[in-house]
Amino acid sequence: MSKSKILKIVLWILIGVMVAVIVGFFLYVVLHGIKTSFNAEKAPANTVEPGTTEEIPTETPKPTEAATPTETETATPDVTPAETATPTPEPVTFKDVDVVAVGDVIIYTSMWQSAKAYGKGEYDFSELTQYVKDIAEGADLAVFNFEDTCAGEEVGYSAYPSFNAPDNILTTMRNSGFKVSLYANNHTYDKGHNGFMRTQQVMKDNGLTTYGTRTSENEKSYGIYEVEGLKIGFLNYTYESGSSQGDATKKYLNGIPVDANDIPLIDSFHSSRLDSFYQEVSGRIADLRAGGADVIMFFIHWGEEYKENANTEQRDIAQNLCNLGVNALIGMHPHVVQPVDTYVSYDGRNRMICYYSLGNFASAQNRTTFQENYDYAWLTENELMAKLTVRKYSTGEALIVNADYEPLWSHRYSSNSRIITNIIPLRKALAGDEAKEQYGLTKTSFGVTHATAAKEYIDSQVASGIASYNAGIVLPR
């Protein structure tokens, strides 16, 4: 066989193989496509066919539309939830209480004789307070110091050195707006045990609350006076006189020995026993605070008579009482007006105002009765009314938010065969010519002149001290 025939045969064989391969491939593609289409109808979308490792590409699914609720379904309303409201804090409120205090009520013979004539046989002391009654009544609480006794007419009315006044002086004070009587002073025991006890009963009968003394050890000589929901703690002490020499088993007032059973009934201190005094006061202040006292007011009978300034002992006592938590310290006994100071406790936590002496309130002391001692006699006519505003906040905090004073003057003169004594509020009385007449200053040739001098002196004694205290007040935020 020739080579050309062999080549042709080989060529046809190759062509046949190629045709077979092409036909086979074509048949494979066609048949595989049919099977894939059939399986695609059976299998879920986005899955891999079992037995293969190839993942079938899919399209990104479209979000499913919310189904429309049927009659048996409840559609959820498209409502934006409300924000939780922030509670509004309660506003801070406060209550103010005005307290006024005056000095010594000490009745001399000419005063009760004049009161009897004015009352036509009854002891009527209303002339004394007629011009200041509105001030006392306008305060929430008015306080006075009774440096006298009401031992009864049968004992005999008397004046210096052993005082006993008609009961009606206490009635007049109550009717003039005063509610608290202080009774720890050097004349408390002038008429002994009976006079001491009877005076307290007369105070009680007139509706007066008394501090500084008590009638039995079952009572308290200190306490809380509540005004308009504000609780004021009261303490009242007097210095002891005489020759006790620091012996705690003895007590002398105005040189008179106090009966042993009455010693614990009168609140007093002795210069030689100040440590025990502070200890007792500390315990009483703690008791008052435990009872809810918002502020502590301490009234003290101390100092030197007719001296214009406080002495070293007074200042030491004042500092120690401030350290113990007293908020206001108010003094009597010198019979003249002394300055006002501010004290701060050693730990810096307490601030205390101190009126060293308010002077007299109702008294016959003046430049006429003290002619032989004219240098200081006119000072006894000058008087001071302390005025304090106590504030309590709804948060429970309480403090003295303002201190002030009312300058007073004792106008004493003779008319219709009797001696008249009027207590004059100087700011009002010196406000103009009409006021001078209204308050009786023009009834005497010296009324306007002496009243003007009294106001100038009182202002010079206390105005700067009052301003200093007020400037340092820090109110709660």
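The values are calculated or read from the model by the stated rules, or taken from the named source; none is laboratory data. As the structure is a prediction and not an experimental result, all values here were calculated from the model. In this analysis, Cβ positions are derived from the backbone assuming ideal geometry, glycine residues included, and neighbour counts consider all displayed protein chains.
One table, with the values for the structure above:
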read-out: Failed item in (1) within 26 Å of Q200 (Cβ to Cβ); (2) surrounded by fewer than 20 Cβ atoms within 10 Å (Cβ to Cβ); (3) under 39 Å from the mean Cα position of the chain (by Cα), with P91 passing the rest; value: (1)
read-out: Residues that are surrounded by fewer than 24 Cβ atoms within 10 Å (Cβ to Cβ) and either among the hydrophobic types (A, V, I, L, M, F, W, C) or not in a strand (DSSP E or B) (or both), drawn from the range 387-405; value: S394, T395, G396, E397, A398, L399, I400, V401, A403
read-out: Selected residue (criterion: nearest to L128 (Cα to Cα)) from residues of the range 198-217 that are without any contact (Cβ under 8 Å) to a residue 40 or more places away in the chain and either part of a helix (DSSP H, G or I) or among the hydrophobic types (A, V, I, L, M, F, W, C) (or both); value: L208
read-out: Close pairs (8 angstrom Cβ cut-off, 6 or more residues apart or separate chains): in contact (Cβ under 8 Å) with a residue 24 or more places away in the chain and on the phi > 0 side of the Ramachandran plot in the range 316-345, assigned to a strand (DSSP E or B) and surrounded by fewer than 23 Cβ atoms within 10 Å (Cβ to Cβ) anywhere; value: H333/Y239
read-out: Residues satisfying the stated conditions in the range 264-273, i.e. surrounded by 15 or more Cβ atoms within 10 Å (Cβ to Cβ), touching a residue at least 40 places away in the same chain (Cβ under 8 Å) and in a helix (DSSP H, G or I); value: L265
read-out: Scan of the range 187-214 for residues that are among the hydroxyl-bearing types (S, T, Y) and under 26 Å from V326 (Cβ atoms), ordered by number; value: T188, Y189, T209, T210, Y211, T213
read-out: Considering residues of the range 124-145 that are of a type outside the set (V, I, T) and assigned to a loop (DSSP other than H, G, I, E, B) only, the residue surrounded by the fewest Cβ atoms within 10 Å (Cβ to Cβ); value: Q130
read-out: Failed criterion for A248 (all others in (1) over 26 Å from N168 (Cα atoms); (2) surrounded by 18 or more Cβ atoms within 10 Å (Cβ to Cβ); (3) of a type in the set (G, A, S); (4) in contact with a helix residue (DSSP H, G or I) (Cβ under 7 Å, 6 or more places away or on another chain) hold); value: (2)
read-out: Test for K204: is it surrounded by fewer than 18 Cβ atoms within 10 Å (Cβ to Cβ) and under 26 Å from the mean Cα position of the chain (by Cα); value: no
read-out: Output for the range 429-455, where each listed residue is assigned to a helix (DSSP H, G or I), surrounded by fewer than 17 Cβ atoms within 10 Å (Cβ to Cβ) and either in contact (Cβ under 8 Å) with a residue 40 or more places away in the chain or aliphatic (A, V, I, L, M) (or both); value: A435, V448, A453
read-out: Filter result (out of contact with any Leu (no Cβ under 6 Å at 6 or more places or on another chain) and farther than 25 Å from G283 by Cβ) within the range 204-222; value: K204, D205, G207, L208
read-out: Restricting the range 188-197 to residues that are under 17 Å from S221 (Cβ atoms) and part of a helix (DSSP H, G or I), the residue that is farthest from the chain's Cα centre (by Cα); value: H193
read-out: Residues within the range 130-166 that are in contact with a strand residue (DSSP E or B) (Cβ under 8 Å, 6 or more places away or on another chain) and among the charged types (D, E, K, R), tallied; value: 3
read-out: Candidate set: the range 222-275, residues that are within 23 Å of V295 (Cα to Cα) and among the small types (G, A, S); chosen: the one modelled with the lowest pLDDT; value: G229
read-out: Tally, over the range 162-187, of residues that are part of a loop (DSSP other than H, G, I, E, B) and over 31 Å from the mean Cα position of the chain (by Cα); value: 6
read-out: From S468, S410, S394, residue being in contact with a helix residue (DSSP H, G or I) (Cβ under 9 Å, 6 or more places away or on another chain), in contact (Cβ under 8 Å) with a residue 40 or more places away in the chain and polar (S, T, N, Q); value: S410
read-out: The listed residue being under 22 Å from Q438 (Cα atoms) and free of Cβ contacts under 8 Å to residues at least 60 places away in the same chain, out of E122, E137, E153; value: E137
read-out: Residue list for the range 406-428, filter: surrounded by fewer than 18 Cβ atoms within 10 Å (Cβ to Cβ) and assigned to a helix (DSSP H, G or I); value: R427, K428
